[in-house]
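A short reminder: the numbers here are calculations on the coordinates, not readings from a lab. Bear in mind the structure is a predicted one, so any value in this text is a computation, not a measurement. Glycine gets a Cβ as well: all are built from the backbone with ideal geometry, and neighbour counts include every protein chain shown.
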Amino acid sequence: VREDAAAGDACSAEQLTVGSWRQTPLQPGWECTQNEHRNCAKKNAQEHRRIAKSLEYRWKPDGCRMRDFDPAVMGGFLRDRKLIYVGDSLNGDMAVSMICMMGGRREAKHIRAIRSNNLISEECKFAKTVAAIERACNKTAIREDWREKLAKQRVNEHDVMILNTGAHWYGGIQKAKVVMGWVSEAINELFHGRLLYRTITFGHEQCHKYSHPGETGPVTMYNWATFPELNAALHEVFSTHPKYTLLNVSMFDMRGDGHIGGGENTGRDCLHYCVPGPINEWNRLLYHNIWDEIHRAA
């Protein structure tokens, strides 16, 4: 795989987050047959136009180059390698988005998702008293549970893991650092590929009001306002992995458009995005961040 040297220097992970959303012509063939539940574009002509418009906006970093996603190159990487998404429904949607972006290539069979909303039990998530935490958030039990879960899913056979949790977390920041630290220990022990923690993105209240990227209203619903602090804590926790990269998608603070609740389901779901939809950009950012692995595989 060769890069165009004249196109400018490729962005570092830190440089990727400084930029703007720019409208670009949408290439044909973006539709997908996957994910009936989130596939807004399949519902009717009006929804199809809404999602097509949301896909016109691409993230453009300032002063450096973000690599263009190439499904053929990604297919070459996945020919004898595996990609796994671990986390809540948003991470599952990201996996479906990547499958869609592969354009029907058979290598997409090497893309998987494991659903685990909190990465821990519900009892531990809501435990507040010392006794309840000691009983439900037992370090040995959580580590063993994750060892068993990772072994059962043969995670050690995968080359890249995209990890996310937080949208379902109500246990406080310090508790998250402690408990997720135990999860991290199990992951570090059993997974030796490239680990990326994708930052949590908050929803956008009254998302039906947004038709393009830009400034959005205040964050007052659910636990969404805690996400920036929680992201910082979980970045610290998971960065102990020897092959770690932060997949920072904070630019989605400005993406009030493209949500499930932005169309005919007005306001009902302003956290999840339609798929295909804006979160295709998460996978373009992923592609850029794992370029070293893709380049070595070529």
**Request:** Please list the helices of the chain that count as membrane-span-like by this rule: a mean Kyte-Doolittle hydropathy of at least 0.0 together with Cα atoms stretching 30 Å or more along the helix axis, each helix being a complete DSSP H run.
**Result:** none
**Prompt:** Applying 1/(1 + (r/R0)^6) with R0 = 35 Å to the Cβ-Cβ distance of S211 and N188, what FRET efficiency is obtained, to the nearest 0.05?
**Reply:** 0.20
**Message:** To the nearest 20 Debye, how big is the dipole of the range 1-99 about its Cα centre, given +1 on the beta carbon of each Lys and Arg and -1 on that of each Asp and Glu?
**Reply:** 300 debye
**Message:** Only Cα pairs within less than 10 Å get springs; with that Gaussian network setup on the chain, which residue of P228, P242, P28 has the largest fluctuation?
**Reply:** P28
**Partner lysines for K209 [C-alpha distance under 26 Å; skip if fewer than 8 residues away on the same chain]** = K42, K43, K53, K60
**Asked** What are the semi-axes of the equivalent ellipsoid for the range 192-240, taken as the square roots of 5 times the Cα gyration tensor eigenvalues, largest first, in whole Å?
**Response** 28, 14, 7
**Prompt:** Simple spin-label model, 7 Å along Cα-to-Cβ: R147 to D70 in nm?
**Reply:** 4.3 nm
**Asked** From the square roots a ≥ b ≥ c of the eigenvalues of the alpha-carbon gyration tensor of the range 10-93, which class results: rounded (a/c under 1.5), prolate (a/b over b/c), or oblate?
**Response** oblate
**Message:** Testing the spin-label approximation: label points 7 Å from Cα along Cα→Cβ at R22 and N44. State their distance in nm.
**Reply:** 3.6 nm
**Request:** Check cross-link reach from K175 to the lysines: straight Cα distance under 16 Å, and skip same-chain residues fewer than eight apart.
**Result:** K125, K128, K139
**Request:** Count the DSSP beta bridges whose two residues both fall in the chain, then state the antiparallel fraction as a percent rounded to the nearest 5.
**Result:** 25 percent
**Request:** Work out how much length T140 to T240 would gain on full extension: take 0.36 nm times their residue separation and subtract the Cα-Cα distance, in nm to one decimal.
**Result:** 34.1 nm
**Request:** Give me the number: length gained by fully extending E14 to E123, i.e. 0.36 nm times residue separation minus the C-alpha to C-alpha distance, one decimal in nm.
**Result:** 35.6 nm
**Request:** Report, ordered by chain and residue number, the lysines lying within cross-link reach of K82, taken as a straight Cα distance under 25 Å and ignoring same-chain residues fewer than 8 apart.
**Result:** K109, K149, K152, K243
**Asked** Could you state the number of Å between the C-alpha centres of the range 180-235 and the range 29-48?
**Response** 25 Å
**Prompt:** Tell me, in nm to one decimal, what length is gained between Y222 and E264 on full extension, where the rule is 0.36 nm per residue of separation less the Cα-Cα distance?
**Reply:** 12.8 nm
**Message:** Rg over Rh of the range 117-194, using C-alpha atoms and the Kirkwood radius, what does it come to?
**Reply:** 0.98
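According to the square roots a ≥ b ≥ c of the eigenvalues of the Cα gyration tensor, what is the shape class of the range 166-298, taking rounded for a/c under 1.5, prolate for a/b larger than b/c otherwise, and oblate for the remainder? Could you put the intermediate results ahead of the total?
Values: a/c = 2.67, a/b = 1.40, b/c = 1.91.
Here the range 166-298 falls in the oblate category.
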**Highest-fluctuation residue, R268, R143, R135 considered, GNM on the chain with Cα pairs under 10 Å** = R135
**Complete:** Long-range share for the range 59-158, i.e. C-alpha pairs more than 24 Å apart as a percent of all pairs, stands at 44 percent
